[in-house]
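First the structure, in the form of structure tokens, and then the observations on it.
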Amino acid sequence: MAILVTGGSGYIGSHTCVELLNAGYEVVVVDNLSNSKFGLLKRVRDITANDIKFYKIDILDRDALDKVFSENKIDAVIHFAGLKAVGDSVQDPLRYYKTNVAGTITLCEVMQKHGVKQMVFSSSATVYGVPEKVPITEEFPLEAMSPYGNNKIMIEKILSDLYASDQTWSIVLLRYFNPIGAHSSGQLGEDPSGVPNNLMPYMTKVAAGKLKELKVFGGNYPTYDGTGVRDYIHVVDLALGHLKALEKVGSSAGVNAYNLGTGKGYSVLELIRAFEKASEREIPYMIVERRLGDIGISYADPTKAKKELQWVASRGIEEMCVDAWRWQLNNPDGYEYIEDPKEIKF
Ligand code: NAD
Ligand code: WQD
């Protein structure tokens, strides 16, 4: 089976490509490399010793996408491509609506034209806004707090309407909680450009001495130590969730949303302690004001994914920290730059 992976050279996409190739799928990646580097796909190839096909394409480019579907017999699409920085989405909402919402519509139109109607979409726990209680189930109301969150809700609605109009579509909406960690080979990991916004990549840079100290955003949340609580999930567990979702879209039509999380919440201070243990380094930190738009507690009820996808996250917080640290040690400056070809099979 051939799977088209949009955004396949990104953080979650690259880990998913590894698992797809290991499971025997053929993989075709499209990515415009706006937030990733081509060199990463070479590493995917090295880890799996399998061929991978790559097109440097923007998902808004209908003709280019059309060519990909004409040249390859695609069975299903995993759609990661998009912009993901919450703060940027507030600054530049039009760019976010265009890439994320219009990009998904363009992709669906091209899929429809080629009769490909199986899709796994990267949604986010951000669609739940401020949850009334935890754990969060898929039935909770959707209420975004940023243009990025609105993008995800809109796309979910568009995909649901698409299914309602044509019940031969089969769509899985995966609502990721907080993906962290890296591939155990130390070859793949998170490589944000500039100063990281998220906790784990920021902390790894502090441990490596590249940033001075971690600012802990808020010490007075109603949590047991006052710091924010999240459901951190190992990126490889998340990647494996996509393989289970593919089985689902391959076996029955419909549109279904699933939480991908561990079901356990950890505070910022707990994650710092776990990371200090894994890295054997001290993380200097200071508790500062809450970050605007942050919520106190978020963690998943992953029961539906367990029941209907037969998926559970098996890697714990220690493994997430050990793998994230190995990635940082092996790649102090992230991925190397390699001039990218427009199309390649290697
Ligand atoms: P990422 O930025 O590493 O990967 C996204 C990829 O999409 C990048 O390689 C980028 O170059 C590509 N891309 C962006 N715009 C494109 C366009 N117009 N055409 C083609 N390619 C384009 O991000 P990620 O963390 O791997 O996230 C993947 C998906 O998962 C995104 O949709 C994101 O919103 C979603 N998600 C991520 C998280 C998280 O914390 N990382 C949480 C929830 C949901
Ligand atoms: C985790 C915890 C912070 C940085 C974001 C997006 C969300 C989703 C996942 C895409 C919080 C605290 C953080 C720092 C800190 N992405 N923190 N100091 O905010 O839960 O989710 O990524 O869909 O949409 O909003 O993740 O890693 O930024 O924060 O204290 O320097 O760490 O306050 O409690 P978040 P995060």
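The values are calculated or read from the model by the stated rules, or taken from the named source; none is laboratory data. Values in this document were obtained by computation on a predicted structure and should not be read as measured data. Cβ sites come from the backbone with ideal geometry, for glycine too, and all protein chains shown count toward neighbours. Each accessible area value is taken on the protein alone, full model and side chains, heavy atoms only, with ligands, DNA and RNA left out. Shrake-Rupley method; radii C 1.70, N 1.55, O 1.52, S 1.80 Å.
Can you name the residue in the range 137-168 that is touching a Gly at 6+ places or on another chain (Cβ under 8 Å) and open to solvent by less than 30 Å² (accessible area, probe 1.4 Å) and is also nearest to Thr104 (Cα to Cα) among such residues?
Among residues in the range 137-168 that are touching a Gly at 6+ places or on another chain (Cβ under 8 Å) and open to solvent by less than 30 Å² (accessible area, probe 1.4 Å), the one nearest to Thr104 (Cα to Cα) is Asn151.
If only one of Asn50, Asn100, Asn72 is under 30 Å from Ile338 (Cα atoms), within 16 Å of ligand 2 (Cβ to nearest atom) and not hydrophobic (A, V, I, L, M, F, W, C), which one is it?
On the way: Asn50 fails: within 16 Å of ligand 2 (Cβ to nearest atom); Asn72 fails: within 16 Å of ligand 2 (Cβ to nearest atom).
The unique qualifying residue is Asn100.
Any idea which of (1) of a type in the set (Gly, Ala, Ser); (2) more than 19 Å from Lys37 (Cβ to Cβ); (3) outside any loop (DSSP other than H, G, I, E, B); (4) in contact with a strand residue (DSSP E or B) (Cβ under 8 Å, 6 or more places away or on another chain) is the one Ala313 doesn't satisfy?
With (1) of a type in the set (Gly, Ala, Ser); (2) more than 19 Å from Lys37 (Cβ to Cβ); (3) outside any loop (DSSP other than H, G, I, E, B); (4) in contact with a strand residue (DSSP E or B) (Cβ under 8 Å, 6 or more places away or on another chain) applied to Ala313, the lone miss is (3).
Inspect all residues belonging to the range 85-93 and state whether any of them is hydrophobic (A, V, I, L, M, F, W, C), more than 14 Å from Gly7 (Cβ to Cβ), away from ligand 1 (no atom under 11 Å from the Cβ) and touching a helix residue (DSSP H, G or I) at 6+ places or on another chain (Cβ under 9 Å).
Yes, the conditions are met somewhere in the range 85-93.
Among Ile287, Ile283, Ile338, which is the only one that is touching a Leu at 6+ places or on another chain (Cβ under 8 Å) and either of a type in the set (Val, Ile, Thr) or within 14 Å of ligand 1 (Cβ to nearest atom) (or both)?
Every option except Ile283 fails the conditions.
Limited to the range 18-49, what total is found for residues that are under 17 Å from Leu240 (Cβ atoms), of a type in the set (S, T, N, Q) and either modelled with pLDDT under 95 or open to solvent by 50 Å² or more (accessible area, probe 1.4 Å) (or both)? Steps first, answer last, please.
Narrowing the range 18-49 to residues under 17 Å from Leu240 (Cβ atoms): 18-25, 27, 44, 47-48.
Adding the requirement that they be of a type in the set (S, T, N, Q) leaves 22, 48.
Filter once more, keeping what is either modelled with pLDDT under 95 or open to solvent by 50 Å² or more (accessible area, probe 1.4 Å) (or both): 22.
Final tally of qualifying residues: 1.
Among what's in the range 31-53 and is within 15 Å of ligand 1 (Cβ to nearest atom) and part of a helix (DSSP H, G or I), pick the residue that is farthest from Val18 (Cα to Cα).
Gly39
Taking the range 1-17, which residues are of a type in the set (A, V, I, L, M, F, W, C) and either crowded, with 24+ Cβ neighbours inside 10 Å or within 16 Å of ligand 2 (Cβ to nearest atom) (or both)? Even if it seems obvious, please write down each step before you answer.
Going through the range 1-17, the residues of a type in the set (A, V, I, L, M, F, W, C) turn out to be 1-5, 12, 17.
The answer is Ile3, Leu4, Val5, Ile12, Cys17.
When residues of the range 179-204 are filtered for being among the polar types (S, T, N, Q) and within 13 Å of ligand 1 (Cβ to nearest atom), how many remain? Lay out the reasoning, then the answer.
So in the range 179-204, the residues among the polar types (S, T, N, Q) come out as 184-185, 187, 193, 197-198, 204.
Filter once more, keeping what is within 13 Å of ligand 1 (Cβ to nearest atom): 193, 197-198.
The number of residues fulfilling the criteria is 3.
Select, from Ala164, Ala125, Ala144, the only residue that is more than 21 Å from Lys264 (Cα to Cα) and within 15 Å of ligand 2 (Cβ to nearest atom).
On the way: Ala164 fails: within 15 Å of ligand 2 (Cβ to nearest atom); Ala125 fails: more than 21 Å from Lys264 (Cα to Cα).
The unique qualifying residue is Ala144.
Would you check if there is a residue in the range 200-214 being under 19 Å from the mean Cα position of the chain (by Cα), of a type in the set (Asp, Glu), assigned to a loop (DSSP other than H, G, I, E, B) and over 18 Å from Ala125 (Cβ atoms)?
No, the range 200-214 has no match at all.
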